[in-house]
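S.K.: Okay, here's the structure, questions in a sec.
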Amino acid sequence: MKILVNGGLGFIGSHTVVELVNSGYDPIIVDDLSNSDIRILDQLTKIIGFKPTFHQLDLCDEQAVKNFADSQKDIVGIIHFAAFKAVGESVNLPLKYYRNNFFSLVNVLNAFEGRGMNLVFSSSCTVYGQPEQLPVTEAAPVQTAQSPYGNTKQVAEEILNDVIASGSDYKMISLRYFNPVGAHESALIGEQPIGVPQNLVPFITQTAIGKREKLMVWGGDYNTPDGSCIRDYIHVVDLGRAHVAALKLMEKEDFTGIDFFNIGTGKGSSVLEVIKAFEEATGLKLNYEIAPRRDGDVEQVWGDATKSTEKLNWKAELDLSTMMSSAWKWENYIAQNPL
Ligand code: NAD
């Protein structure tokens, strides 16, 4: 079964390609390389044993997407990762984010409509903001977005809802990812942040390897057991498998319309706990300092994974220690083999 993987050379997309192949699917990768490197295709080849089909295409180009869809008659499902994702940049360049994240999605939806497609969309736990109840369930209200990036996820979910409400023949699942970290066990693929990492784990590994002098822990006086922020970290390989589970659910005849799932472990870890897990997994000592709170950070969020376990038949299996050791192995790999 051919599955179109939009943004398939990116961090989550590349790991999902591996899991698709492991489950017998035939991934067709589309990426414009705006935030990825063509050499990831060779890395994927080393992992899966053959070169996956790849098309370099900007999904914002409406005509090109139409032509591409017309030329691909056997695709049965779409996983749409393609988007810009840097929260801070989206505040300064909102139109860049609205253009890319909406145009690409709308072009794809238009070009493949009427073909009974199953579509998985990459959403985010940012739609919940700071939830009133933890762990947060899919029924929690969507809160006003804190950034244009977050807004693109909320509005994209509304677009998907509207398309389904119009009677379209799509089946859709929106996966609300918590905090994807880690790397494939081969260390051939992983996360490659451009510039200073915005996320904790790449910052930890870059500090440990000497690319950064010190890790700043933004806020030590939050209302949490150790005062640092709490997140639900999820191994990117588990996350890749969740996309396979979503496709399988939509393949069932009784699945119709659209559904939304939290993709997390169901457990929160504080920044200080993550640092400790890294130190324990690697035997290294991290240079870090507690700094004042950072604007816009949610204090604590972790997801209720009950619905994913019961309906999606998916559960996170890899623990925090594996997340840390795989991220560290990848950091060492790219230090020696820069991509
Ligand atoms: P990424 O930047 O590594 O991957 C996105 C890929 O899409 C890149 O390879 C990029 O080149 C490609 N792309 C972007 N615009 C495109 C376009 N117009 N046409 C074709 N290709 C295009 O990001 P990621 O971390 O793998 O995230 C994947 C998705 O998951 C994104 O939608 C992101 O918003 C969402 N998400 C990510 C996180 C996270 O922490 N990484 C959390 C929640 C949600």
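The values are calculated or read from the model by the stated rules, or taken from the named source; none is laboratory data. From a predicted model like this one, the values you see are computed outputs, not experimental measurements. Ideal geometry is used to build each Cβ from the backbone, glycine not excepted, and the neighbour counts take in all protein chains shown. Calculation scope for accessible area: heavy atoms of the full protein, side chains included, ligands and nucleic acids excluded. Shrake-Rupley method; radii C 1.70, N 1.55, O 1.52, S 1.80 Å.
S.K.: Please name which of Q206, I12, T306 has its Cα lying farthest along the dipole of the chain towards the positive end, using unit charges on Cβ (Lys, Arg +1; Asp, Glu -1) and the Cα centre as origin.
M.R.: Q206
S.K.: Could you tell me the relative contact order of the range 41-108? Use alpha-carbon pairs under 8 Å, at least six residues apart, and round to a whole percent.
M.R.: After rounding, I find 37 percent.
S.K.: E158 versus K66, label points 7 Å from Cα toward the beta carbon: distance in nm?
M.R.: 2.7
S.K.: Right, something else. When only alpha-carbon atoms count, how far does the range 73-113 stretch along each of its three principal axes, as whole angstroms with the largest first?
M.R.: 40, 15, 9
S.K.: Report the residue, chosen from S123, S186, S228, that carries the largest GNM mean-square fluctuation when the chain is represented by alpha-carbon nodes joined by springs under 10 Å.
M.R.: Between S123, S186, S228, it is S186 that shows the largest mean-square fluctuation.
S.K.: Alpha carbon centre of the range 1-77 versus the range 81-150: separation in Å?
M.R.: Answer, in whole Å: 20.
S.K.: Further, regarding this structure: Show that you can apply the helix-only estimate: for the chain, add -39,500 (n - 2.57) for every DSSP H stretch of four or more residues, divide by all residues, and state [θ] at 222 nm to the nearest 500.
M.R.: About -12000 deg cm²/dmol.
S.K.: Calculate the tail of P(r) for the range 48-198: the fraction of all Cα-Cα distances greater than 22 Å, expressed in %.
M.R.: Distances greater than 22 Å cover 50 percent of the Cα pairs.
S.K.: Pop the C-beta distance of I334 and A165 into the FRET formula with R0 = 45 Å and round what comes out to the nearest 0.05.
M.R.: It comes out at approximately 0.50.
S.K.: Can you tally the net charge around G24? Count Lys and Arg as +1, Asp and Glu as -1, for every other residue whose Cβ sits under 14 Å from the Cβ of G24.
M.R.: 0
S.K.: Additional query: Out of V244, L284, F121, whose Cα points farthest toward the positive end of the dipole of the chain (charges: +1 Lys, Arg; -1 Asp, Glu; placed on Cβ)?
M.R.: In the chain, that residue is L284.
S.K.: Could you do me a favour and compute the accessible area per residue for the chain, 1.4 Å probe, result in Å²?
M.R.: 44
S.K.: Also, I was wondering about something else. For the chain, find the longest principal axis of its Cα atoms and tell me its angle to the long axis of helix 62-71, 0 to 90°, nearest 10.
M.R.: With both axes taken from Cα atoms, the answer is about 60 degrees.
S.K.: Next up: About the Cα centre of the chain, what is the dipole size in debye to 20, counting +1 per Lys and Arg Cβ and -1 per Asp and Glu Cβ, all else neutral?
M.R.: Result for the chain is approximately 500 debye, rounded to the nearest 20.
S.K.: Can you tell me, using C-alpha contacts under 8 Å and at least 6 residues apart, the relative contact order of the range 196-333 as a whole percent?
M.R.: Across the range 196-333, relative contact order equals 38 percent.
S.K.: How large is Rg over Rh for the chain, taking Rg from the Cα atoms and Rh as the Kirkwood inverse mean of 1/r across Cα pairs?
M.R.: The Rg/Rh ratio comes out at 0.95.
S.K.: If the only charges are +1 at each Lys and Arg Cβ and -1 at each Asp and Glu Cβ, what is the size of the charge dipole of the range 96-233 around the Cα centre, to the nearest 20 debye?
M.R.: 460
S.K.: Computed on alpha carbon atoms, what radius of gyration and Dmax characterise the range 212-339, expressed in Å?
M.R.: 17.6, 54
S.K.: Moving on. Of the heavy-atom accessible surface of the chain (probe 1.4 angstrom), what whole percent is carbon and sulfur?
M.R.: 49
S.K.: Nearest 0.05, what FRET efficiency do N110 and R293 give at R0 = 41 Å with Cβ-Cβ as r?
M.R.: With R0 = 41 Å, the Cβ-Cβ based efficiency is 0.45.
S.K.: Another question, if that's okay. Using Cα pairs under 8 angstrom and six or more residues apart, how large is the relative contact order of the range 80-143, in percent?
M.R.: So the answer I get is 32 percent.
S.K.: Nearest 20 debye, what's the magnitude of the dipole of the range 188-339 about its Cα centre given +1 on Lys and Arg Cβ and -1 on Asp and Glu Cβ?
M.R.: Using only the charged Cβ atoms, the result is roughly 340 debye.
S.K.: I would also like to ask the following. For K211, list the lysines whose Cα falls under 24 Å from its own Cα; do not include residues on the same chain fewer than 8 positions away.
M.R.: Straight-distance partners of K211: K85, K276, K285, K329.
S.K.: Moving on to the next point. Expressed as a whole number of Å, what is the distance separating the alpha-carbon centroids of the range 312-339 and the range 232-277?
M.R.: Taking the Cα centre of the range 312-339 as reference, the centre of the range 232-277 is 16 Å away.
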